[in-house]
Protein chains: 2
Amino acid sequence: MGMQKVVIIGAGNVAWHLSKAIDKVADVMQVYARRLEQAKEIASQLLNAKPIDNLLDIDNSADLYLLCVGDKAITEIVDNMPKVKGIVAHTSGSANMEYLAKASKRYGVLYPLQTFTKGVELDISKISFFTEGNNIDTLLSLDEIASLISPKAKVNHATSEQRRMLHIAAVFGCNFVNHMWTISEEILQNNGYDMSVLYPLMEVTLKKAMEMSPKEAQTGPAIRHDQNTINTHLRILPSDLKTIYQELTDSIQNISRKP
Amino acid sequence: MGMQKVVIIGAGNVAWHLSKAIDKVADVMQVYARRLEQAKEIASQLLNAKPIDNLLDIDNSADLYLLCVGDKAITEIVDNMPKVKGIVAHTSGSANMEYLAKASKRYGVLYPLQTFTKGVELDISKISFFTEGNNIDTLLSLDEIASLISPKAKVNHATSEQRRMLHIAAVFGCNFVNHMWTISEEILQNNGYDMSVLYPLMEVTLKKAMEMSPKEAQTGPAIRHDQNTINTHLRILPSDLKTIYQELTDSIQNISRKP
């Protein structure tokens with residue numbers, strides 16, 4: 001394939017980031033959003049993209065139609081967009097690929113294992129992309145665009161089933177991790193400290209998990225079976241955190257017994 | 001104070017790291033451990049330190065006696081060491097300071113909010129230390145040694161009560177975070193992927209939590225109240241992870257409702 005023509009569908013966090021990344025390696029022709037204002041916000045960051053708010057205005061000459069929308073919106077869009085010749089792909093961790101068959105003979109998935117927040121820049125050159133295609137030609141096209149967007153990372157394949165498990169790994173490894181830090185921040189602030197006192201510990205925790213593997217890097221009262229400290233913590237914790245503390249302590253002790 | 005003379009008591013992860021850091025800014029005279037082999041392992045990394053395995057051999061001329069041992073061992077050591085003139089301090093997040101009164105008229109705490117693993121190097125120059133002292137002179141001496149060890153970080157004060165809450169914040173922000181990554185790794189490996197596919201996501205998760213505050217940085221199915229995805233995840237998760245997934249999802253949704 002030469003320079004590809006791409007239509008971005010969606011205007012949320014994923015669209016905000018991926019449209020900019022794709023615009024550097026391909027030609028984003030259009031950005032669709034339900035409201036024109038939203039489409040304009042995304043398109044204004046791109047070189048030639050036209051904002052549209054009517055699915056019937058979608059250009060039929062694009063190579064790739066990338067749906068960067070929530071799972072519910074995927075079916076809605078597929079039901080209402082014109083049938084196209086290019087590849088129709090979504091970016092969701094949990095939606096099935098087969099939903100897309102109605103929109104094109106060539107369909108697939110381009111799933112970025114990453115957390116996106118509008119306006120917060122990130123290094124897109126090393127995102128782990130996971131691709132799926134309804135045939136080998138489609139799969140290879142999606143692999144190509146993935147490696148163009150993110151040249152420093154290996155492109156991986158994932159079936160819909162594997163992708164759902166990848167999404168769960170990301171929920172634990174990103175969403176739940178971030179929530180642990182939210183709890184830390186609340187505890188620190190309630191005791192007169194700023195979150196920043198924890199930064200060196202957070203950084204070292206990440207570094208060790210990547211250098212040693214998290215299972216080997218585990219420290220703390222749970223893995224030491226330090227029941228005195230665990231009891232003290234359970235006694236002085238706010239009541240809404242006791243259950244989580246106990247559950248995670250049990251889970252650390254259970255997983256450490258596995259081979 | 002000029003160049004301080006320090007005795008390190010203990011040979012675990014904390015002793016391994018702090019003894020090396022202190023040896024750069026002070027004179028570590030002795031390292032005590034229950035078994036001489038352990039004391040030698042630590043002392044061999046230091047300039048002049050002598051390994052000892054008898055508490056009665058502790059030199060009476062040191063300025064600081066730093067107990068880098070588990071909470072249970074603190075009382076045991078204090079009960080059996082000679083009474084000294086210098087400051088006796090422990091490094092524990094949960095042990096009370098008053099245990100130390102028996103060993104010296106000057107006692108306190110030098111608590112590093114960090115995770116230490118023997119042999120895994122870390123940047124000690126920006127550790128958050130939290131100090132407590134039985135009088136102002138002792139406290140200032142401990143502040144001075146903390147800022148010498150870790151010149152890039154502000155030294156903070158913490159009462160025993162505050163220190164216990166700091167320790168809990170570290171359990172959530174380090175131990176539980178690491179455990180989330182252990183779970184991610186298990187899921188990835190069971191589906192044929194290497195942990196490294198998650199590294200870019202882990203790095204961005206940390207970066208966003210530090211740039212935005214974790215509460216604002218929260219993403220994922222729980223905060224979006226995306227019940228379809230949550231149900232799918234609960235259905236396909238291994239049974240030992242369902243409870244944790246549900247608990248943490250509820251906790252994210254509860255905390256997001258707070259002002």
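The values are calculated or read from the model by the stated rules, or taken from the named source; none is laboratory data. In this text, all values refer to a predicted model and were calculated from it rather than measured experimentally. Cβ placement follows ideal geometry from the backbone for every residue including glycine, while neighbour counts extend to all protein chains displayed. To get the accessible areas, we keep the full protein, side chains included, count just its heavy atoms, and leave off ligands, DNA and RNA. Shrake-Rupley method; radii C 1.70, N 1.55, O 1.52, S 1.80 Å.
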Taking R0 as 51 Å, what's the FRET efficiency between A:Asp57 and B:Gln246 from their Cβ-Cβ distance, rounded to 0.05?
-> 0.75
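What size of dipole, in debye to the nearest 20, comes out for chain A about its Cα centre when the only charges are +1 on Lys and Arg C-beta atoms and -1 on Asp and Glu C-beta atoms? Don't jump to the answer; show the numbers that get you there.
Details: 27 positive and 29 negative charges, 76 e Å.
Magnitude of the dipole: close to 360 debye.
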Return the lysines within reach of A:Lys24: Cα separation strictly under 26 angstrom, same-chain partners fewer than 8 residues apart disregarded; answer none if there are no such residues.
-> A:Lys5, A:Lys40, A:Lys50, A:Lys85, A:Lys118, A:Lys126, A:Lys152, A:Lys154, B:Lys207, B:Lys208
Copies of B:Arg224 compared via label points 7 Å along Cα→Cβ give distances in nm, shortest first, of 4.0
On complex formation of B with A, accessible surface lost, both sides summed, probe 1.4 Å, nearest 100 Å², amounts to 8500 Å²
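Tally up the carbon and sulfur contribution to the accessible surface of the range A:200-259 as a whole percent, 1.4 Å probe, everything protein left in place.
Looking at the range A:200-259 in its full context, I get 51 percent from C and S.
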Given Cα pairs under 8 Å that are at least 6 residues apart, what percent is the relative contact order of the range A:119-204?
-> 23 percent
Given the rule -39500 (n - 2.57) for each run of at least 4 DSSP H residues, summed and divided by the residues of chain A, what is its mean residue ellipticity at 222 nm, to the nearest 500 deg cm²/dmol?
-> -14000 deg cm²/dmol
Estimated inter-spin distance, A:Ser147 and A:Asp194, nm [label 7 Å along Cα→Cβ] = 4.6 nm
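Going by the alpha-carbon gyration tensor, a ≥ b ≥ c the square roots of its eigenvalues, is chain A rounded (a/c under 1.5) or, if a/c is not under 1.5, prolate (a/b greater than b/c) versus oblate? Don't skip to the answer; put the middle values down first.
Details: a/c = 2.48, a/b = 2.09, b/c = 1.19.
Since a/c reaches 1.5 and a/b is larger than b/c, the shape of chain A is classed as prolate.
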Across A:Lys24, A:Lys72, A:Lys83, the residue with the highest GNM fluctuation in chain A (Cα network, 10 Å cutoff) is A:Lys72
Heads up, I need the accessible area for A:His225: 1.4 angstrom probe, whole protein in place, Å², nearest 10.
-> 100 Å²
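Quote the relative contact order of the range B:169-259 in percent (integer), defining contacts as alpha-carbon pairs under 8 Å separated by 6+ residues. Show your work: numbers first, answer last.
Numbers: 28 pairs, mean separation 16.1, N = 91.
Taking the mean separation of contacting Cα pairs over the length of the range B:169-259, I get 18 percent.
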Sites B:Val25 and B:Lys83 - FRET efficiency at Förster radius 25 Å, r taken between beta-carbons, to 0.05 = 0.40
Which of these, B:Met212, B:Met180, B:Met195, has the largest mean-square fluctuation under a Gaussian network model of chain B (Cα springs below 10 Å)?
-> B:Met212
Could you grab the relative contact order for chain A? Cα pairs under 8 Å, six or more apart, rounded to a whole percent.
-> 11 percent
Does anyone have the angle between helix B:239-255 and the longest principal axis of chain B? Alpha-carbon axes, 0 to 90°, nearest 10?
-> 90 degrees
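Magnitude of the Cβ-charge dipole of the protein assembly as shown, K/R +1 and D/E -1, about the Cα centre, nearest 20 debye?
On the way: 54 positive and 58 negative charges, 14 e Å.
For the protein assembly as shown, the charge dipole is close to 60 debye.
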Can you send over the solvent-accessible area of B:Glu161, 1.4 Å probe, protein chains only, in Å² to the nearest 10?
-> 130 Å²
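What does the accessible area per residue of the range B:32-178 come to in Å², with a 1.4 Å probe and no ligands, DNA or RNA counted? Present the calculation step by step, with values, prior to reporting the outcome.
Details: 6100 Å² over 147 residues.
Counting only protein heavy atoms, the per-residue value for the range B:32-178 is 41 Å².
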Inter-chain Cβ neighbour average for residues A:226-238, partner chain, 10 Å = 4
Copies compared at A:Leu148 - label distances in nm, ascending, label defined 7 Å from Cα in the Cβ direction | 6.1
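Once you have the alpha carbon radius of gyration of the range B:182-259, what is it after dividing by 2.2 N^0.38 Å, with N set to its residue count?
Working: Rg = 13.9 Å, N = 78, 2.2 N^0.38 = 11.5 Å.
Compactness ratio reported: 1.21.
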Kindly report, to the nearest 10 Å², the accessible surface of A:Tyr32 as traced by a 1.4 Å probe over protein heavy atoms only.
-> 20 Å²
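Taking a ≥ b ≥ c as the square roots of the eigenvalues of the Cα gyration tensor of the protein assembly as shown, is the shape rounded (a/c under 1.5), prolate (a/b larger than b/c) or oblate? Could you put the intermediate results ahead of the total?
Details: a/c = 2.67, a/b = 2.56, b/c = 1.04.
Here the protein assembly as shown falls in the prolate category.
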Other copies of B:Thr159: label-to-label distances in nm, shortest first, labels 7 Å along the beta-carbon direction | 6.0
Note on the range A:1-152: alpha-carbon gyration tensor, axes a ≥ b ≥ c; rule is a/c under 1.5 for rounded, else prolate if a/b larger than b/c, else oblate; result rounded
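Assigning unit charges at the beta carbon (Lys, Arg +1; Asp, Glu -1) and nothing else, what dipole magnitude in debye, to the nearest 20, does the range A:86-209 show about its Cα centre?
Working: 11 positive and 12 negative charges, 66 e Å.
Result for the range A:86-209 is approximately 320 debye, rounded to the nearest 20.
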P(r) of the range A:73-119 over all Cα-Cα pairs, 5 Å bins starting at 0, rounded to whole percent, reads 5, 22, 28, 21, 12, 9, 2
Farthest towards the positive end of the dipole of chain B, among B:Pro112, B:Ser256, B:Ile244 and with Cβ unit charges of +1 on Lys and Arg and -1 on Asp and Glu, lies the Cα of B:Ser256
For the A:Asn135, B:Arg224 Cβ pair and Förster radius 35 Å, calculated FRET efficiency rounded to 0.05 is 0.60
Helix A:199-212: angle to the longest alpha-carbon principal axis of chain A, degrees 0 to 90, nearest 10?
-> 80 degrees
